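Every read-out reported here was derived from the displayed coordinates using simple, explicitly stated rules and does not represent laboratory data. It should be emphasised that the depicted structure is a prediction, and the values quoted were computed from it without experimental measurement. All Cβ positions, even for glycine, are placed from backbone atoms using ideal geometry, and neighbour counts span all protein chains on display.
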Amino acid sequence: MAFQFTDSYLQGVYETLCRKNAQEPEFLQAAGEVLESLQPVVAQRPELVKSGVIDRIVEPERSLMFRISWVDDQGKVQVNRGYRVQFSTAIGPSKGGLRFHPSVNLSIIKFLGFEQIFKNSLTGLPMGGGKGGADFDPKGKSNNEVMRFCQSFMTELQRHIGPDTDVPAGDIGVGAREIGYLFGQYKRIRNEFNGVLTGKGLSYGGSLARTEATGYGLCYFADEMLKAAGKSFQGQSVVISGSGNVAIYANQKATELGGRVIAMSDSNGYIVDENGIDYKIMQEIKEVKRARISTYLEYVPTAKYVEGCRGIWSVPCGIALPCATQNELDLDGAKALVEHGCFAVAEGANMPSTPEAVAYFQAHKLLFAPAKASNAGGVATSGLEMSQNSMRLSWTFEEVDEKLHGIMRNIYHNAANAAAEYGMEGNLVAGANIAGFLKVADAMIWQGVSY
C-alpha cells in the first residue's frame, strides 16, 4: 500500500516500521494511515520529533505471545496461540478487546491495539491502548470446551493484567459467555473481585447499555456528521454489513433515527428487505438460535438472500455502515456505493475500508466517518463500566446512554475541529488521528523519554 509522505522524518519512521514488521500488513496499514495524517502536526510542532514521541508510539510497550493448551470433549489435547499487546499506557491503563477467531495473528492484534490508542484517547476517558486474543474459534464448540479454553487462556493472561494495568474486554468471538468464564478464572487464581474485565454480566459488575454501545455510538456519531452537512437518517435507506452486536444495534438506532435498514450480512451471504429489516428478528437469529442470516427468510419470505457477502455494497442506499471486519469494503465496493447514490459511510468495524476505498470516498466528497472515531462507543461504555466498578455502583440504562451520546458528539466535534485547525477541513480521518494523537503525545512528553 502506498502512503504519500512529504515529511522526511515521518517517511523514515514508516520505512523503519516496514523493515521491522514486513510480515504484518494490517499493522503497517494502520500505522501508515496515522503517520500520513500527522504531517501538518509535525510541521507545526518540531518538539514531537525531538522528543521521539512518534518513534515511540509506533512500538508497543509490551507484546505477549503464549501457548494455550486445553482438552476438547473427546479428550484430545488442543493447542492454540494467544496474544496480548499493551501498546500505550500514557493516559491510563491499557484497554482493548480480546478477539477469538482463526484469523487472529500478531499483525491483526498490533493493528487493533495501535488503533485503540487513538480511539480511547478520543473518548476523553483515562484509557491507554491495547488488544489481545487467540486463533481459537468458538463456533461449533460446546459450552464446556469454550469454558476450558477460556480458563487456560486466563491462567496465562492473569499475570499481565489488572484494573490499573490492563483491562481487556470482548471483541469478535468473545461475548458475555466468554467474558464470564475468563472473569471466573481470574477471580479464582487471584482471589480478587475487581474491574479487570469489561463486558461483564449485569449480576457481577457489568454495565447497562454495553451490548448496544458500539452500534448506538456509531449512529450517534454518524447523525452528528450528517447534521453538520445539513442531512439526517430520516427517510434514508441504510445498508449494514455484518450481523453481530454492532450491526444489530446499529440497525435499531438507525431505524429509531428515521432510517430504513434494507440489507445486512454474515460471512456466507446477505439479505435484502426493502420494507426494513427488523433488528429483533436478527437478534433471535444470531443471539438465540446462533443461525446463519439466510434464516431470515423463514421469518420474512418476501426478503431476498444472496450468497457471498461482498456483494452487499451493490445494494443501492444513501448511508452505508460497514460493521463486519477489517478490509471488507474494497475499491470495487466503494465504486458500487458511489454509483448507486450513497452519500455517507460510517465505519462500525475496525478498519473495514481499505485505503483505496477511503481515498475513493474522499475524492467523491462522501461524508466518511473513520472507525477509530465512529466505533468508539463500545470502548467508551467499557470505560464507563470501569468507572462504575471503581465506585461500586451502577448507573441506569438511560444514564449510560446519555453519557455515551455526549461522548460521541464530542468525538465528532473534536475530530472535525482538529481537521479544520490543520488545514484539512472535512477530513475526519485526519482529524480523528490528530485529535487522538495529540492528547497521548503531550502525556508522553510530560512523562519523559525513559517512558
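Among the lysines in region 62-193, how many pairs, 8 or more places apart or on different chains, have alpha carbons under 26 Å apart?
Qualifying lysine pairs in region 62-193: 16.
When the Cα centres of region 140-159 and region 304-351 are compared, how far apart do they sit, in Å?
So the two Cα centres are separated by 35 Å.
Can you tell me the convex hull volume per residue for the chain, based on C-alpha atoms, in Å³ to the nearest whole number?
Enclosed volume per residue, from the Cα hull, is 137 Å³.
I'd like the antiparallel share, as a percent to the nearest 5, of DSSP beta bridges with both residues in region 213-369. Intermediate results must be reported in sequence, preceding the final value.
Values: 7 of 20 bridges.
Looking only at bridges with both residues in region 213-369, the antiparallel portion is about 35 percent.
Under the Karplus relation 6.51 cos²θ - 1.76 cosθ + 1.60, θ = phi - 60°, what is the ordered set of whole-Hz ³J(HN,Hα) values for region 85-92, x standing for Gly and Pro?
Here the 3J(HN,Hα) series is 10, 9, 7, 7, 10, 5, 10, x Hz.
Return the distance in nm (one decimal) between the two label points of a simple spin-label model at Glu425 and Thr396, each offset 7 Å from Cα along Cα→Cβ.
With each label placed 7 Å out from Cα toward Cβ, I get 4.2 nm.
With label points built 7 Å along Cα→Cβ from the Cα atoms of Glu15 and Ser203, find their separation and express it in nm.
That separation, rounded to one decimal, is 6.0 nm.
Taking every pair of distinct Cα atoms and averaging 1/r, then inverting, what Kirkwood hydrodynamic radius in Å comes out for region 62-193?
14.7 Å
Using the membrane-span-like helix rule (whole DSSP H runs, Cα extent along the own axis of at least 20 Å, mean Kyte-Doolittle hydropathy at least 0.0), which helices of the chain qualify?
Qualifying helices: 106-122, 213-228, 428-447.
Modelling each spin label as a point 7 Å along the Cα-to-Cβ direction, I'd like the Phe193/Val288 distance in nm, to one decimal.
It is 3.2 nm.
Listed highest first by mean packing, meaning other Cβ atoms within 10 Å per residue, what order do 111-120, 330-339, 317-326, 85-94 come in?
Values: 111-120: 28.1, 330-339: 18.9, 317-326: 25.9, 85-94: 23.7.
The packing order, highest mean first, is 111-120, 317-326, 85-94, 330-339.
Pop out the ³J(HN,Hα) list for region 316-327 in order, Karplus 6.51 cos²θ - 1.76 cosθ + 1.60 with θ = phi - 60°, rounded to Hz; leave Gly and Pro as x.
Per-residue couplings from phi come out as x, 7, x, 10, 10, 10, x, 10, 9, 7, 5, 6 Hz.
How much length would be gained if the chain were fully extended between Arg159 and Leu331, taking 0.36 nm per residue of separation minus their Cα-Cα distance, in nm to one decimal?
57.6 nm is the gain from fully extending Arg159 to Leu331.
Choose one of Val239, Met444, Gly140: the residue whose Cα lies farthest towards the positive end of the charge dipole of the chain (beta-carbon charges +1 Lys, Arg; -1 Asp, Glu; about the Cα centre).
Gly140
Distance check, please: which entries in Lys227/Lys365; Lys231/Lys280; Lys200/Lys403; Lys403/Lys439; Lys227/Lys439 exceed 24 angstrom between their Cα atoms? It would help to have the intermediate numbers written out before the result.
Numbers: Lys227/Lys365 16 Å; Lys231/Lys280 27 Å; Lys200/Lys403 19 Å; Lys403/Lys439 21 Å; Lys227/Lys439 27 Å.
Beyond 24 Å: Lys231/Lys280; Lys227/Lys439.
For the chain, what proportion of DSSP beta bridges, expressed in % and rounded to the nearest 5, is antiparallel?
DSSP beta bridges in the chain are roughly 55 percent antiparallel.
Tell me, in nm to one decimal, what length is gained between Val49 and Val300 on full extension, where the rule is 0.36 nm per residue of separation less the Cα-Cα distance?
Between Val49 and Val300, full extension yields an extra 84.5 nm.
Using the Kirkwood formula on the Cα atoms of region 175-256, what hydrodynamic radius do you get, in angstrom to one decimal?
Evaluated on region 175-256, it is 14.8 Å.
State the Cα centre-to-centre distance between region 215-283 and region 27-90 in whole Å.
Cα centroid to Cα centroid, the span is 31 Å.
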